[in-house]
Amino acid sequence: MKQVVIEFRKVSKRFGDIAAVIDNNLAVEQGEFLSILGPSGCGKTTSLRMMAGFEQPTSGEVFIRGEKVTGVPAYRRPVNMVFQHYALFPHLSIADNVSYGLRQRSPRPSAGEITKSVDEALDMVRLGGFGKRRTYELSGGQQQRVALARALINRPAVLLLDEPLAALDRKLRREMQVELQNLQRTVGITFLLVTHDQEEALSMSDRVCVMREGRVVQTGSPRDLYDTPINRYVAEFVGKSNFFSAASGNVTSVRPELIDIAARRKDLPQGLAIRTDGRVLNRIFLGEQTEYRIASDELGEFTVVAPRKAEHLSGTFNIGDSISAGWRPEHARLLPDN
Amino acid sequence: MRVYLVLVYVFLYAPIALIVGGSFNAGKQAMIWQGFSLEWYGKAFSNPLITEALGTSLYIALATAAISSVLGLMAALGLERVKGWLRTFFDALIYIAIMVPGIVIGISTLIAFVSIFELVNPALTATFNIRLQMGSWAVIAAHVLFNIAVVALLVRARLQGMDRSLVEASEDLYATPFGTFRQIVLPLLAPAVLAGFLLAFTFSFEDFIIAYFVAGPDVTLPIYVFSSIRRGVTPEINAVGTVVLVTSLLLLVIAQLILQRGNQARVRADG
Ligand SMILES: Nc1ncnc2c1ncn2[C@@H]1O[C@H](COP(=O)(O)OP(=O)(O)OP(=O)(O)O)[C@@H](O)[C@H]1O
Ligand SMILES: [Mg+2]
């Protein structure tokens, strides 16, 4: 069992009538990349702000490296945050922004040490030589990297990132995702990232914590969440799925790419648990795969994703075609319907 | 339309032009141009009455600007934390302080001070043998009264445009609340405070009405000008008037530039 760097014990936060975070028990392990994933307003930012010390829990305790920090203000907590809009100090140069945390220490490091650390930090985010510039001379992506350097130079116990990529365009976001992941591996600092973008959470993190209306629903590796979601909410939020109603408030969840499709029943592979006949309602060509919307008399509508690679066996289908579809028993999951 | 517009401007600026022109006139007659000269400036600044009045005015204006800047900044920062109807109430007070005519401030300060003096002076005279009376300090007090509001308004505007997360970022980077104030809040508010300082200086320096009521035996430059033109307008007075005019205009322009630059830097930082 790895060491826990930051931990919530039954943490709740209310703003007047609004319960922003309810009974949260979250433990972040040393060196991991953990994402908090959830829709808007589910309490992600509030959780992060309680770790940083900007908000104090209404009830429950926060621990950092085993020490209780509930009530301790932000400036005495060994964690750092990357803000969504970077929050770079506009009146300071890039170098002064990056060295800000070091300059608050007492005893204060020497000027030489500070310069050296700043150069290292800027090199780390590939901004070597930018120290003398002003913040407004940099692009969004560059400002983002300055914010990272400014936080990482302090070697915090945990780096908190609140939707750090939301303000970037798609292409840059993809680049920064890779860069963040590499950075985290090189520096070995624990990253805690908040996002409502499931793709971002799944692609970058060692573990993902899915939240809903202030509560943690499930925490696990991206693969665990995808393969063994504990309820319909997680299955829906992490990847796509088909849901077929089952007995007593449950649903059967089947991932679209795990459904086989063929022109006739006898063309379907062996060992399928469910077989059904239906009609193609819609077809979306996505390059490496094709997405079919199927209407079946017994099961209603569902979606099938057929990989390009399997087309030489299954063939391709047009809208209106009659088809057969089915899946293996282990690919269907019976889940509570929320 | 054009003609009217020209007439309006002539009406507005002709007196000022006459004063400025007259101050450079070599002759003594205001209406007859006898060639360019700086003679009257020399005369004015070697007149001990004028230099003393100028000194008093500068002292009052500087003190007013300094005190108003500090108190105005504190008022604006304090108001940040006030919410609800109390906030509305204080906001209203600030606007009222700015809009009240000078003559009302003058009279009411006078009455207030006089009644306080009547109350405390007997006791003070009996115990310490001193008597409070009107003077420069009373002018400063009255000027500070509405210049606090001017500074507070400017600082408030800038505070509202300031990104709250900058303060949090500073705290997150281990700066104590005072450290954050010194390193982040104050530098970001500095342009507004400086502009407020200059405006307060200008308003105080050129004020006649309030000073006239509460200056007591002290003579400020505007009071000196007023009392001497009863004996007729001399080119010397024109020179003094021109100096006051140019100083005020210059300071107003500088204040405006500072505010604009501050805003531009902010826009660039946001974008
Ligand atoms: N300072 C506050 N005062 C009052 N209510 C707040 C405050 N901060 C957050 N809330 C409320 O708490 C709930 C959770 O907010 P939070 O910002 O944590 O959500 P989030 O998951 O970060 O959402 P988003 O993805 O939109 O950023 C929301 O209903 C929000 O309105
Ligand atoms: Mg948020």
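The values are calculated or read from the model by the stated rules, or taken from the named source; none is laboratory data. This one's a predicted model, so the numbers in the text were calculated from it and none came from an experiment. Here the Cβ is made from the backbone with ideal geometry for all residues, glycine too, and neighbour counts use every protein chain on show. Heavy atoms of the whole protein, side chains included, go into the accessibility calculation; ligands, DNA and RNA do not. Shrake-Rupley method; radii C 1.70, N 1.55, O 1.52, S 1.80 Å.
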Notebook entry, point to check: So, in Å, what gap is there between the alpha-carbon centers of segment B:5-83 and segment A:7-67?
Noted result: 61
Next item on the list: Would you work out the charge dipole size for segment A:4-234 about its Cα centre, treating the Cβ of every Lys and Arg as +1 and the Cβ of every Asp and Glu as -1, and quote it to the nearest 20 debye?
Entry: 500
Next item on the list: Please report, in whole Å, how far the alpha carbons of chain A spread along each principal axis, starting with the longest.
Entry: 78, 44, 37
Item checked: Reachable aspartates and glutamates from A:K44, criterion Cα separation under 13 angstrom, eight or more residues apart if same chain -> A:E55, A:D162, A:E163, A:D197, A:E213
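Estimate for me the total accessible surface buried between chains A and B (protein heavy atoms, probe 1.4 Å, no ligands or nucleic acids), in Å² to the nearest 100. Walk me through the numbers on the way to the answer.
Working: alone 16850 and 16150 Å², together 30920 Å².
Answer for the A-B pair: about 2100 Å² buried.
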Check: Could you state the number of Å between the C-alpha centres of segment A:291-338 and segment B:139-205?
Finding: 65
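Can you give the direction-averaged projected area of the convex hull of the alpha-carbon atoms in chain B, in nm²? Don't skip to the end; give the middle numbers.
Working: hull surface 87.2 nm².
If you wrap the Cα atoms of chain B in a convex hull and average its projections, you get 21.8 nm².
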Notebook entry, point to check: Using Cα pairs under 8 angstrom and six or more residues apart, how large is the relative contact order of chain A, in percent?
Noted result: 17
Item checked: 222 nm mean residue ellipticity, helices alone, for chain A (DSSP H n ≥ 4; -39,500 (n - 2.57); rounded to 500) -> -7500 deg cm²/dmol
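What FRET efficiency comes out for B:F181 versus A:I18 if R0 is 35 angstrom and r is the Cβ-Cβ distance? Round to the nearest 0.05.
Details: r = 31 Å, r/R0 = 0.87.
In this case the efficiency is close to 0.70.
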Margin query: Can you tell me which of A:N318, A:N242, A:N80 moves the most in a GNM of chain A? Springs connect C-alpha atoms under 10 Å apart.
Written below: A:N318
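Please work out the average accessible area per residue across the protein assembly as shown, using the 1.4 Å probe convention, and give it in Å².
Values: 30920 Å² over 609 residues.
For the protein assembly as shown, the per-residue accessible area is 51 Å².
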Item checked: Percent carbon-and-sulfur accessible area, segment B:42-270, ignoring ligands, DNA and RNA, probe 1.4 Å -> 72
Margin query: More than 26 angstrom separation, counting every C-alpha pair in segment A:114-262; what % is that?
Written below: 40
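Between rounded, prolate and oblate, where does segment B:1-74 land on the alpha carbon gyration tensor, with a ≥ b ≥ c its root eigenvalues, rounded for a/c under 1.5, else prolate if a/b exceeds b/c?
Working: a/c = 4.67, a/b = 1.30, b/c = 3.58.
Since a/c reaches 1.5 but b/c is at least a/b, the shape of segment B:1-74 is classed as oblate.
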Notebook entry, point to check: Magnitude of the Cβ-charge dipole of the protein assembly as shown, K/R +1 and D/E -1, about the Cα centre, nearest 20 debye?
Noted result: 480
Next item on the list: May I ask you to list the lysines whose Cα is less than 21 Å away from that of A:K309, ignoring any residue fewer than eight positions away on the same chain?
Entry: A:K240, A:K266
Item checked: Reachable aspartates and glutamates, given that their alpha-carbon falls under 15 Å from the alpha-carbon of A:K116 and they are not under 8 places away in the same chain -> A:D96
Checklist line | Semi-axis lengths, Å, the protein assembly as shown, gyration tensor of Cα atoms, sqrt of 5 times eigenvalues | finding: 73, 29, 24
